[in-house]
Amino acid sequence: MPASIKLQREYGDDVAVVFVESQGTSAPDTDRFVMKQRWLGTQAMWTNESPFNSGSGGLPNYVLLGADGKVLQKGRSLSSKDHDLLDAEIKRAKGAPEGTDKAFNGAWKDFNKGKYGKAIVTVQKLSVKKPEMADAAAEVMATFEARVQAQLDRVDWLMKNGYPGDAKDRLDELASGLSGADELLGKARELDGVLASDEMKRELEADKKLGRALESLFEDGRDEKLFDRVTKLSEEFAGTKVAERAQRFASMRP
Amino acid sequence: MMIQTIRKSAGALAATGLLLGLSVASSPEGVSIGQEVSYTFRSAPLGGMGVTSLADLKGKPVLVEFWGTR
């Protein structure tokens, strides 16, 4: 198992891991390979699209990006120094970005704890109380709103692509932190309305069943019967987005 | 004339960029430390749960591992 999967399990949601197949293997073949190796079922992501040139000659190699999207380190294999760097970056990412006025530290702390509404209200109040900080406050506010919007967009994507259960979990968590941020809370409620619609009931039922089947499949990605079960689910719920997702997993049969 | 040619080439390059996904230009030596990178995936990564670009991952560190299946 690649060390980076272990790292993903160790750090959980604090770090994102993207595996990039770099030998020209097609997406379906990469999917099949990853399934066969039993590497699915973590939060790691798999693609055969290279987002940039790492510049390293051999495989595997890695590029570590900071929370701001800038390259922090690159090389052939992660060293203990890289782990220290990662720890420091995770800690840094949970605070205010560099150069932020200290007056916004509390708001950033709340925001990074998921108290989005509280953070936004704090910045709004600060802007009124200290007009000289209005520009800086507007900048922080824009960052907060953009990050929440990105999360709402992900919920929308999950809903439209056969992950209604995950969409609901994420939305519930997001909405619970949006109290006070009326506009964003309104957007969250709109998405919640879609999730509660009759059309979504069948998707949710299919997603529940597929989730159970995939749990077993990820543990043993070579069991023919499990692939049959996923294929049957795609037939039973034909016409749903979940069925399309099931078909993709069914096609990973070795 | 030359300016038109340059414009056409730039247009073709931009169109190619759109077809191939959007990324920052990186030198043959690859990305360098401190460089900001961005990329929009043509197909959402497997297991990405709605991640469609590197920008979606801003706010947490990202480990990008280049590997092979052969």
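The values are calculated or read from the model by the stated rules, or taken from the named source; none is laboratory data. Note that the structure is predicted; figures quoted are calculated from it, not measured. Cβ atoms come from the backbone with ideal geometry, glycine included; neighbour counts cover every protein chain shown.
Just a yes or no: is a residue in the range A:111-132 more than 17 Å from residue B:60 (Cβ to Cβ), part of a helix (DSSP H, G or I), in contact with a Ser or Thr (Cβ under 8 Å, 6 or more places away or on another chain) and modelled with pLDDT of 95 or more? For the range A:111-132, residues more than 17 Å from residue B:60 (Cβ to Cβ), part of a helix (DSSP H, G or I), in contact with a Ser or Thr (Cβ under 8 Å, 6 or more places away or on another chain) and modelled with pLDDT of 95 or more: present.
Which of the residues belonging to the range A:209-254 are hydroxyl-bearing (Ser, Thr, Tyr), closer than 15 Å to residue A:40 by Cα and without any contact (Cβ under 8 Å) to a residue 24 or more places away in the chain?
Matches in the range A:209-254: A:216 only.
If you take the residues in the range A:47-64 that are surrounded by 15 or more Cβ atoms within 10 Å (Cβ to Cβ) and over 14 Å from residue A:18 (Cβ atoms), which one is nearest to the other protein chains (Cβ to nearest Cβ)? Only one residue fits best here, namely A:55. Among the candidates A:78, A:7, A:40, A:59, the residue that is in contact with a strand residue (DSSP E or B) (Cβ under 9 Å, 6 or more places away or on another chain), of a type in the set (A, V, I, L, M) and part of a helix (DSSP H, G or I) is uniquely A:7. The requirement of being over 17 Å from residue A:38 (Cβ atoms), β-branched (Val, Ile, Thr) and under 22 Å from the mean Cα position of the chain (by Cα) is fulfilled somewhere in the range A:221-242, by at least one residue. Checking each residue in the range A:97-110 for being hydrophobic (A, V, I, L, M, F, W, C) and not in a helix (DSSP H, G or I) picks out no residue at all. Residue pairs whose Cβ atoms lie under 8 Å apart, separated by 6 or more positions or on different chains, with the first residue in the range A:143-169 and within 11 Å of another protein chain (Cβ to nearest Cβ) and free of Cβ contacts under 8 Å to residues at least 24 places away in the same chain and the second part of a loop (DSSP other than H, G, I, E, B) and of a type in the set (Val, Ile, Thr), are A:154/B:51; A:157/B:52. Checking each residue of the range A:95-112 against the condition of being closer than 26 Å to residue B:44 by Cα and within 7 Å of chain B (Cβ to nearest Cβ) gives no match.
Return only the number of the condition from (1) modelled with pLDDT under 65; (2) surrounded by 15 or more Cβ atoms within 10 Å (Cβ to Cβ) that residue B:9 does not satisfy. (2) is the only condition that residue B:9 fails. Count of the range A:70-98 residues, restricted to those that are among the small types (Gly, Ala, Ser), under 22 Å from the mean Cα position of the chain (by Cα) and surrounded by fewer than 19 Cβ atoms within 10 Å (Cβ to Cβ), is 3. Can you find a residue that is surrounded by 20 or more Cβ atoms within 10 Å (Cβ to Cβ) and in contact (Cβ under 8 Å) with a residue 24 or more places away in the chain anywhere in the range A:127-142? The answer is yes, given that some residue of the range A:127-142 is surrounded by 20 or more Cβ atoms within 10 Å (Cβ to Cβ) and in contact (Cβ under 8 Å) with a residue 24 or more places away in the chain. Just one residue in the set A:27, A:67, A:44, A:16 is surrounded by fewer than 19 Cβ atoms within 10 Å (Cβ to Cβ), closer than 19 Å to residue B:53 by Cα, at the interface with another protein chain (Cβ under 7 Å from one of its Cβ atoms) and free of Cβ contacts under 8 Å to residues at least 60 places away in the same chain; that residue is A:27. Just to be sure before I move on: is residue B:29 of a type in the set (D, E, K, R), closer than 18 Å to residue A:60 by Cα, facing chain A (nearest Cβ under 7 Å) and part of a loop (DSSP other than H, G, I, E, B) in the structure I sent? Yes, satisfied. Scanning the range B:25-44 turns up no residue that is buried (at least 18 other Cβ atoms within 10 Å of the Cβ), more than 30 Å from residue A:168 (Cα to Cα), among the aromatic types (Phe, Trp, Tyr) and modelled with pLDDT of 80 or more.
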